[in-house]
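Below is one structure, written out as structure tokens; the observations come after it.
The values are calculated or read from the model by the stated rules, or taken from the named source; none is laboratory data. This one's a predicted model, so the numbers in the text were calculated from it and none came from an experiment. Because the Cβ atoms are built from the backbone with ideal geometry, glycine has one as well, and the counts that use them run over all protein chains shown. Please note that ligands, DNA and RNA were not included when accessible areas were found on the heavy atoms of the full protein model with its side chains. Shrake-Rupley method; radii C 1.70, N 1.55, O 1.52, S 1.80 Å.
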Amino acid sequence: MLNKTRRKPFVIIAVASASIVFAATAIAGKNEAGHKSQVITEEEISGLLFMREEEKLARDSYLVLFDSWGIPVFDNISESEQRHMDAMKALLDRYGLDDPVKDESVIGEYQNEDLLDLFDTLMAKGELSATDALEVGALIEETDIIDIHHEIELAEQEDIISTYESLLCGSRNHLRAFVGQLELNGVIYEPGFLSLDEYLEI
């Protein structure tokens, strides 16, 4: 089981992964189309880099868990997470940032060490049973929701905010899907990271 005392959203424990090089690139760099990038804050840079890999962690997890258990919800949501990854990549390109994902086809590879450790922990739990696997899915979506809320509060650029809001809508739908699957199997899910009020509202 996951350590229930670990309540911090991924972004708070991993935001230091953004480097000064990335910051300089965003401020003075050019995007793939050759246009000068808009100036964005270091907080926005950190968030974009982190969320790109966090969305990959979600996609990778669901691909692995679908392979293990064959539950269609994992396959369906992994496709949605790929679209989330693509949306984050578009923002990285727009602002001239180097992509921390060097090869999308490689499962479980991350520049962020916290995400790397987390992936291993989640997969160890997800391999225990189909119920554990679905609970992993719900936990991932809970933390996504918390992290996206955090990034929206820090962001200033409208295109970044609107992309995060789209991801937030998706994560809420994914959480509902995993909780629904658990309920079909007679399991009442209890939130591990969200407050009970926010969870019930979703």
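Couple of notes before you dig in:
- Checked against the criterion of being open to solvent by 40 Å² or more (accessible area, probe 1.4 Å) and farther than 27 Å from LYS89 by Cβ, the candidates LEU116, LEU184, LEU154 yield just one match: LEU184.
- Among the residues of segment 65-74, not a single one is in a loop (DSSP other than H, G, I, E, B) and of a type in the set (S, T, N, Q).
- Candidate set: segment 114-127, residues that are in a helix (DSSP H, G or I) and free of Cβ contacts under 8 Å to residues at least 60 places away in the same chain; chosen: the one farthest from GLY47 (Cα to Cα): ALA124
- Selection count, segment 67-86, where residues are open to solvent by 40 Å² or more (accessible area, probe 1.4 Å), among the charged types (D, E, K, R) and touching a helix residue (DSSP H, G or I) at 6+ places or on another chain (Cβ under 6 Å): 1
- Candidates TYR95, TYR164, filtered to the one that is modelled with pLDDT of 95 or more, more than 30 Å from TYR189 (Cα to Cα) and aromatic (Phe, Trp, Tyr): TYR95
Quick grid of which residues meet (1) touching a residue at least 40 places away in the same chain (Cβ under 8 Å); (2) open to solvent by less than 50 Å² (accessible area, probe 1.4 Å); (3) within 19 Å of TYR189 (Cβ to Cβ); (4) touching a Ser or Thr at 6+ places or on another chain (Cβ under 8 Å):
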position	(1), (2), (3), (4)
LEU65	yes, yes, yes, no
SER129	no, yes, yes, no
GLY137	yes, yes, yes, yes
GLU142	yes, yes, yes, no
ILE148	yes, yes, no, yes
GLU158	no, no, no, no
ARG176	no, no, yes, no
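- Restricting attention to segment 96-112 and to residues that are of a type outside the set (Lys, Arg) and without any contact (Cβ under 8 Å) to a residue 24 or more places away in the chain, the residue that is least open to solvent (accessible area, probe 1.4 Å) turns out to be VAL106.
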